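Any read-out appearing in this document is the output of simple, stated calculations on the displayed coordinates, not a laboratory observation. Remember, it's a predicted structure, so these values are computed and weren't measured experimentally. Cβ placement follows ideal geometry from the backbone for every residue including glycine, while neighbour counts extend to all protein chains displayed.
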Amino acid sequence: MPNRFALPILAATLVFAANARAQDAADLDFPLTKPAPSWVQADVTAGGIDLEVTPPNVFQHLVATVIFDESAGSTLGISWQTADGKVTLTSNAYEGVAQANQNIVILHQAILGAGGRLSLTGDVGALSGVRRVRLCWVDTLTIYGSDGEKTPVFIQPGGRVITGADLVGAPKSDSGDSVSGEVVNASLSDAVTPLDQGVGFVAPVVGTPYLVRFHADVIGVPLDQGITISVNGGVPQVLNLEVPALEDPGYIAADSGNSYAGWRKAGAVLPVSAFRTGENTVVIAGASGTPLDGAFLRKAGLQLVFAPEPMEPSRVIATPSLEESDEPPRFRMSVGAIEP
């Protein structure tokens, strides 16, 4: 029997959720065509875009996501100013990809104070390229890694998790290898690298892994296209691309088709049989050889797990610590870009 109360309850729930979202987030599309929540006032001039923000809750942080088209030869700065002074959040949000992109900045409670002005500055080309600003109030959560390290994270509507690594201009970690539990993390390249005709890396491996995962960020890959990865000239396999939730402010709707502004995660578990001891060639390219004009890759790396080496009976009781051991590491990686 149909539940005659279901639709009214659903409608009430949606209205409540919409009202809650109105308090927690604001989407400002430029040029401005609709009113903003009472806690933000927008002022657009030839000199910049100023957003006067009054925190509705002094216990939350503010995440600002700026969607823009990168303008050649320009820069786009983001700053926060209060009566106590000015804080530069990003001196230049551009990354040299010459297309629609996004920049995320986090304003912590201590910086927000009782309120202030979020400013976007640049020349006419940079300011006219600003498409959208999403302001979202969030709480801090903490996650624990396998090594026991605590990492603060922020969750936006739609479930997107933001960490310090997502921020443009954030300090970069060493590109060298690291170990987290049984997992070896090996960087291939942190640099923003063109994907037009594909890109390859050389990865010398010492040892035999039994699990290998590739990961990277990509931008400029159309939503209806894919990319592939191959190891040592083997059969290319599909590289899985993140499809952000539709609440993500990076989606851009147009008559010519929908697109996404910003970086997306890419990853795949690779066949261990494709790897060999010594140098390995990893190539990323468009599916079926399709050119990826205007696409870029960054933060490419491998994760590997190796089978534990059997221990001699005499060493089972007294095993030296990593600090005391003079044995060379079982895994080494040095990487250089190659022609695909």
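Where does each of T65, T193 land when they are ranked from fewest to most other beta-carbon atoms within 10 angstrom?
Final ranking by Cβ density, sparse to dense: T193, T65.
Per 0.36 nm of contour for each residue apart, how much would the distance between V161 and T75 grow if the chain were fully extended, relative to their Cα-Cα spacing?
Length gained, V161 through T75: 28.3 nm.
Please list, in order, the residues from segment 283-301 whose amide nitrogen is less than 15 Å from a point placed 7 Å along the Cα→Cβ vector of R213.
Under cut-off, by backbone N: 300-301.
Quick one: net charge around A295, please, counting Lys, Arg +1 and Asp, Glu -1 for every other residue with C-beta under 12 Å from its C-beta.
-1
Skipping prolines and chain starts, which residues have an amide H placed within reach, meaning under 5 Å, of the one on E70, given they are 5 or more residues away or on another chain?
Q99, A100, N101
Arrange the following residues from fewest to most other Cβ atoms within 10 Å of their Cβ: D139, D255.
D255, D139
Sorted by mean Cβ packing within 10 Å, highest first, what order do the peptides 41-47, 231-237, 104-110 take?
Top to bottom by mean Cβ count within 10 Å: 104-110, 231-237, 41-47.
Using the Karplus curve 6.51 cos²θ - 1.76 cosθ + 1.60 with θ = phi - 60°, what ³J(HN,Hα) values do you get for each residue of segment 251-267, in whole Hz, with x for Gly and Pro?
6, 10, 9, 8, 4, 7, x, 7, 9, 10, 9, x, 7, 10, 6, 10, x
Extension gain T88-S38, at 0.36 nm per residue separation less the Cα-Cα distance, in nm?
15.5 nm
How long is the gain from A253 to A191 if the chain were fully straight, where each residue apart is worth 0.36 nm and the alpha carbon distance is subtracted?
On the way: separation 62, 0.36 × 62 = 22.32 nm, distance 2.92 nm.
Full-extension gain reported as 19.4 nm.
Quick one: net charge of W80's neighbours, Cβ under 13 Å, K/R +1, D/E -1? Walk me through the numbers before you get to the answer.
Working: positive: K86, R117; negative: D50, E52, D84.
Net charge around W80: -1.
For the pair E182/R117, report the inter-label distance in nm, with labels modelled 7 Å from Cα in the Cβ direction.
Placing both labels 7 Å along Cα→Cβ, they lie 5.7 nm apart.
Can you put F68, F275, F59, F30 in order, fewest other beta carbons within 10 Å first?
So the ranking, lowest neighbour count to highest, is F59, F30, F275, F68.
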